[in-house]
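Visitor: Have a look at this one before I ask anything.
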Amino acid sequence: AAVSTIDHPDPETGAPMWISRAAMGLVHGQSYQLITRERNVWGDVGTPGCSAEFVVDETPPDASAVAPGQLRDIEPTFGAARDDIAYSRFDEFTVAWEDVTIVEEESAPTELLVYSVGAVLDASGAEVPGIDPAHNAIELPRTGSGDVTSSAVAADVLVDGETYVPQLWVRNRAMLVTKLPTDGVVHDSSPPEIAGSGAVRDVASDGGDDAADVDHQSATDVIRGAWDGLDEPHTHVSALRVGLGTTPLGADVIPWTTVDVSTTTYDFPAPAEVGGSYDDGQIYHVLVRPTNAAGADAIHASDGVYVDTSAPYALWANDIVYYDAVGLATRLTEDADNGDVDVHDGASRVRGKWKCDDDESVADGGRGVMTYRWRVCDSAACDGEVYFDWMDVGA
């Protein structure tokens, strides 16, 4: 047995002591105990004290029996499926193992080893900063199944489109570690974007022009949306859903419907729940919600289409005499009869004045601009002689 002697620094207080010694020739796999004896200045020797037994272990746990497929990357969410994933949008990594057997005879008499995600490697083999090997470390049997999640990586450390390989660290009581890599995951936390213009368009409900965005429509039976495809540079688009809502935030009119990822137009027939007809005076937003292979998704909304089934109306329309510039300015002011005349000299120009309104355009916050046309005829119903036909005068 190896013997080392050290003088007690302060025999009056009983202070704790420590001692170390190297090159003792201890044998791997052999159990040992530390025995201490105290001797005072007169040579009296106290009762020996024995430490707990310890085993010399020079080798890490043996994981050579762990086969491909027994170690998996899974989503770091509660209740996640234990199927291996190839893509991830998260800033944490979860490693699961199924029915593994790890050999560790020397320093695991309790059959327990410590498991943790001790490191994550990037494509170059460098360790991703911020992974704490002690985070969520758990003691579990050498055989069986389990899972453990890493500490979270700081924002902007993980790069979309890059492959990351988590390592499952298995540690024995001698603090020796075996590192088991998974097959890795491609990180992609950015959802797909709308290609081309980047916008979802409300388009003519008859499908006549899917390239032009419209702000109003009179049709109440269907609303149509269009977009220029999807852009997903890091992985691929795994799912596409569309919906219709009264706000850009949610599909409260027509719920999310899964469509083919190549879809670029979609018709939303008015559902029976709203009487088979969209409401006059309501704005509706076409919603497109793509999801990438890592599960990242986003809602892209159109600026909305305003359903307007009623025409503008005239508050009044009058004939006024054409005067010179000064007189015209005077006659066009708001007076009792708005400048209306009943008799015209027949020689000077005929000039009209009117005031119109459109309840929907006002309620819509001015999304639409009213335009005007006028004509002159010899009867109020314009069913007699027409002196000049409809003429556009703009907004």
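Visitor: Using unit Cβ charges (K, R positive; D, E negative) and no other charged atoms, how large, in debye to the nearest 20, is the dipole of the stretch 41-84 about its Cα centre?
Guide: Roughly 100 debye, rounded to the nearest 20.
Visitor: Quick one: which residues, 5+ away or cross-chain, put their amide H under 5 Å from the amide H of Y87? H built at 1.01 Å from N.
Guide: Those lying under 5 Å, H to H, from Y87 are V186.
Visitor: Work out, step by step, the length gained on full extension between D156 and I138: first 0.36 nm times the residue separation, then minus their alpha carbon distance; give nm to one decimal. Write down the numbers at each step before the final one.
Guide: Details: separation 18, 0.36 × 18 = 6.48 nm, distance 2.82 nm.
Separation in residues times 0.36 nm, less the Cα-Cα distance, equals 3.7 nm.
Visitor: Given H placed on each backbone N at 1.01 Å, which residues far from G304 in sequence or on other chains put an amide H within less than 5 Å of it?
Guide: Residues meeting the amide H criterion: D202, V286.
Visitor: Which value, to two decimals, describes the C-alpha radius of gyration of the stretch 129-271 once divided by 2.2 N^0.38 Å? Display every interim value, and only then the final one.
Guide: Working: Rg = 23.9 Å, N = 143, 2.2 N^0.38 = 14.5 Å.
That ratio works out to 1.65.
Visitor: For the stretch 31-97, report the translational diffusion coefficient in µm²/s to the nearest whole number, using Stokes-Einstein at 25 °C, 0.890 mPa s, and a Kirkwood Rh over Cα pairs.
Guide: D, rounded to a whole number, is 141 µm²/s.
Visitor: For the stretch 232-300 and the stretch 168-228, what is the separation of their C-alpha centers, rounded to whole Å?
Guide: If you average the Cα positions of each part, the centres end up 12 Å apart.
Visitor: Among V177, P191, Y164, which residue has its Cα positioned farthest towards the positive end of the charge dipole of the stretch 133-200, with +1 placed on the Cβ of Lys and Arg, -1 on the Cβ of Asp and Glu, and the dipole taken about the Cα centre?
Guide: Result: V177.
Visitor: Same structure again: Full-extension gain between F54 and A298, please, as 0.36 nm times their residue separation minus the C-alpha to C-alpha distance.
Guide: Taking 0.36 nm per residue and subtracting the Cα distance, the gain is 82.2 nm.
Visitor: I need the chymotrypsin sites (Phe, Trp or Tyr not before Pro) found in the stretch 33-130, filtered to DSSP loop residues with at most 16 other beta carbons within 10 Å of theirs.
Guide: For chymotrypsin sites (Phe, Trp or Tyr not before Pro) across the stretch 33-130 that sit outside H, G, I, E and B with at most 16 neighbouring Cβ atoms in 10 Å, the list reads W42, F78.
Visitor: Also, I was wondering about something else. Can you give the extra length, in nm with one decimal, that the chain gains between R21 and L249 once fully stretched, where that is 0.36 nm per residue apart less the Cα-Cα distance?
Guide: 75.1 nm
Visitor: Shifting gears a bit: Order the following by accessible area, largest value first: D156, D260. Probe radius 1.4 Å; ligands, DNA and RNA are ignored.
Guide: D156, D260
Visitor: Starting from the coordinates of the alpha-carbon atoms of the stretch 205-244, obtain the Kirkwood hydrodynamic radius over all distinct pairs and give the value in Å to one decimal.
Guide: 12.8
Visitor: I've got another one for you. I need the phi-derived Karplus couplings for the stretch 215-231: 6.51 cos²θ - 1.76 cosθ + 1.60, θ = phi - 60°, integer Hz, Gly and Pro marked x.
Guide: Karplus values, whole Hz, x for Gly and Pro: 9, 9, 8, 9, 5, 10, 8, 8, 10, 10, x, 8, 7, 9, x, 10, 10.
The values are calculated or read from the model by the stated rules, or taken from the named source; none is laboratory data. As the structure is a prediction and not an experimental result, all values here were calculated from the model. Cβ coordinates were reconstructed from backbone atoms using ideal geometry, including for glycine residues, and neighbour counts include every protein chain displayed. Side chains are part of the model used for accessible areas, which takes the heavy atoms of the whole protein and leaves out ligands, DNA and RNA. Shrake-Rupley method; radii C 1.70, N 1.55, O 1.52, S 1.80 Å.
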